[in-house]
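**Student:** Pasting a structure below so you can have a look.
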Amino acid sequence: MKMTHSIKEILQTLPHRYPFVLVDRIVEFEHGERLVGLKNVTINEPFFQGHFPGEPVMPGVLILEGMAQVGALLAYFSEVENAGRLVYFAGLDGVRFRQKVVPGDQLLIECRLLKRKQRIWKIGATASVEGKVVCEAELMATFG
């Protein structure tokens, strides 16, 4: 079953707040399997002031943070017992950046559950712009 979630639902679920909320909308959700989030990248993002003046590029670590937030939402929406618990990075593998992300881009982040063992979730994540993969990684997360 495919479901969407608004920014209001995202803010009710994630503990992050401005300027660290890096997901604007959930466009697809398959319970316990995958979730696709959307981030509208605008010139108003505070990191563009220094990264880089005259050549604004979204920092790769923030793309990874957006991927982590979408992965956390997959876990939160898939299992209600995770509500209210913090999700922490446990590891990153196979990170590859394929092209830059700039103001005006719409970042589509897809996370798929690869494996789950007790409190550890292993998630395959890709971020794309206009159908082209800009970043891919395997994320590991745990609940605190």
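The values are calculated or read from the model by the stated rules, or taken from the named source; none is laboratory data. A quick note: this is a predicted structure, and the numbers were derived from the prediction, not measured. When we count neighbours, we look across all protein chains shown, and the Cβ atoms used for this are built from the backbone with ideal geometry, even at glycine. What goes into the accessible areas is simple: the full protein's heavy atoms, side chains included, and nothing from ligands, DNA or RNA. Shrake-Rupley method; radii C 1.70, N 1.55, O 1.52, S 1.80 Å.
**Student:** When only C-alpha pairs under 8 Å and at least 6 residues apart count, what is the relative contact order of the range 26-136, in percent? If you can, show how the numbers build up before the last one.
**Tutor:** Values: 179 pairs, mean separation 35.1, N = 111.
Value for the range 26-136: 32 percent.
**Student:** What is the distance, in nm, between label points placed 7 Å from the Cα along the Cα-to-Cβ direction at Lys100 and at Glu33?
**Tutor:** My value for the distance between the label points is 3.8 nm.
**Student:** Report the rotationally averaged projected area of the chain based on its alpha-carbon convex hull, in square nanometres.
**Tutor:** 8.2 nm²
**Student:** Please report the net charge: other residues with Cβ closer than 15 Å to the Cβ of Val87, K and R +1, D and E -1.
**Tutor:** +1
**Student:** Step through the residues of the range 69-79 one at a time and calculate ³J(HN,Hα) from phi using the Karplus curve (6.51 cos²θ - 1.76 cosθ + 1.60, θ = phi - 60°), rounding each to whole Hz and writing x for Gly and Pro.
**Tutor:** Each residue of the range 69-79 in turn: 5, 5, x, 5, 5, 4, 5, 4, 6, 7, 9 Hz.
**Student:** Using a Förster distance of 22 Å, how high is the FRET efficiency between Asn44 and Lys132, based on the Cβ-Cβ distance and rounded to 0.05?
**Tutor:** 0.40
**Student:** Tell me, what is a quarter of the convex hull surface for the C-alpha atoms of the range 95-144, in nm² with one decimal?
**Tutor:** Averaging across all directions leaves 4.1 nm² for the Cα convex hull.
**Student:** How much area per residue is accessible in the chain when the probe is 1.4 Å and only protein heavy atoms are counted (Å²)?
**Tutor:** Numbers: 7790 Å² over 144 residues.
Dividing the accessible area of the chain by its residue count gives 54 Å².
**Student:** Something else now. Which value, in debye to the nearest 20, describes the size of the charge dipole of the chain about its Cα centre when Lys and Arg Cβ atoms bear +1, Asp and Glu Cβ atoms bear -1, and nothing else is charged?
**Tutor:** Around 320 debye, computed over the chain.
**Student:** Among 12-25, 69-82, what's the highest-first ranking by average C-beta atoms within 10 angstrom per residue?
**Tutor:** Per-residue mean Cβ counts within 10 Å order the peptides as 69-82, 12-25.
**Student:** Provide the net charge surrounding Gln118, with neighbours chosen by a C-beta distance below 15 Å and charges set as Lys +1, Arg +1, Asp -1, Glu -1.
**Tutor:** Overall, the nearby charge balance is +4.
**Student:** Next question. With only Lys, Arg, Asp and Glu charged, each at its Cβ (+1 for the first two, -1 for the last two), find how big the charge dipole of the range 60-100 is about the Cα centre; round to the nearest 20 debye. List each step's numbers first, then the result.
**Tutor:** Details: 4 positive and 4 negative charges, 61 e Å.
Roughly 300 debye for the range 60-100.
**Student:** Here's something else I'd like to know. Compactness ratio of the range 1-76: Cα Rg over 2.2 N^0.38 Å, N = residue count?
**Tutor:** With N residues counted in the range 1-76, Rg over 2.2 N^0.38 Å equals 1.17.
**Student:** Separate question: What spacing in nm lies between the two simple spin-label points modelled at Asp93 and Lys117, each 7 Å away from Cα in the Cβ direction?
**Tutor:** Modelled inter-label distance: 1.0 nm.
**Student:** Turning to a different aspect of this structure: What aspartates and glutamates does Lys115 reach when the alpha-carbon gap must be under 13 Å and sequence neighbours fewer than 8 apart in one chain are set aside?
**Tutor:** Glu33, Glu138
**Student:** In whole percent, how big is the carbon plus sulfur part of the accessible area of the chain, probe 1.4 Å, protein atoms only?
**Tutor:** On the way: 4220 of 7790 Å².
Summing carbon and sulfur atoms, their accessible area is 54 percent of the total for the chain.
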